[in-house]
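Colleague: Have a look at this one.
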Amino acid sequence: MDSKKLIELTKQLIYEATHFNVPYVQQIYSDNLLIVKVSKDGTVDTMNKEQLVSFVKGNNDAKATPFSTKAEFHYAVCDGNMGMVVMTRDLELNGNSAPKFFTLIWEYSSERWQVAKESYVELN
């Protein structure tokens, strides 16, 4: 896969996850997923796949309004069975801007590309 295709795959991930597509989220994220979230004050929180799927399912069940899909891609690279995407996302929630700097680590495993690691830092 090349970097342009990796960005397109990431755009699809953003759309499906922000629209709470539970089956898609279950298959696109690796079973050993680790998400690391760093707040403006430096507090670190983590999430695993089970917690992420529960969050997405809860929003789907509640028929929540989809989140923003805004993304600015800064860098993408693919080397063999690993890929990385660096981007800024504005996760507008309830009309409030919440920009975050994301890094996604993709891995080709089980005959498909999956997100193995994800991190973000709050910008505001």
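What follows draws every value from the coordinates through simple rules; no lab data is involved. These numbers come from a predicted model, not from an experiment. Cβ atoms come from the backbone with ideal geometry, glycine included; neighbour counts cover every protein chain shown.
Colleague: Which whole-number percentage describes the relative contact order of region 3-122, with Cα contacts under 8 Å and a sequence gap of 6 or more? Each step should come with its number before you reach the end.
Modeller: Numbers: 222 pairs, mean separation 32.6, N = 120.
The normalised contact order for region 3-122 reaches 27 percent.
Colleague: Going Cα to Cα from residue 100, which lysines come in below 17 Å? Please leave out same-chain ones fewer than 8 positions away.
Modeller: 11, 37, 40, 70, 117
Colleague: Also: Need the C-alpha centroid separation for region 73-124 versus region 3-62, integer Å.
Modeller: Between the Cα centre of region 73-124 and that of region 3-62, the gap is 9 Å.
Colleague: Farthest toward the dipole's positive end in the chain, which of 51, 119, 67, given Cβ charges of +1 (Lys, Arg) and -1 (Asp, Glu) about the Cα centre?
Modeller: Projecting each Cα onto the dipole axis, the largest value belongs to 67.
Colleague: May I pose another question? Just how large is the dipole of the chain about the Cα centre, in debye to the nearest 20, putting +1 at every Lys and Arg Cβ and -1 at every Asp and Glu Cβ? Show your work: numbers first, answer last.
Modeller: Numbers: 13 positive and 16 negative charges, 37 e Å.
Its charge dipole is roughly 180 debye.
Colleague: What percent of all Cα-Cα pairs in region 3-122 falls into each 5 Å bin, going from 0 up to the bin containing the maximum distance?
Modeller: Over region 3-122, the share of Cα pairs per 5 Å bin runs 2, 11, 20, 25, 24, 12, 4, 1, 0 percent.
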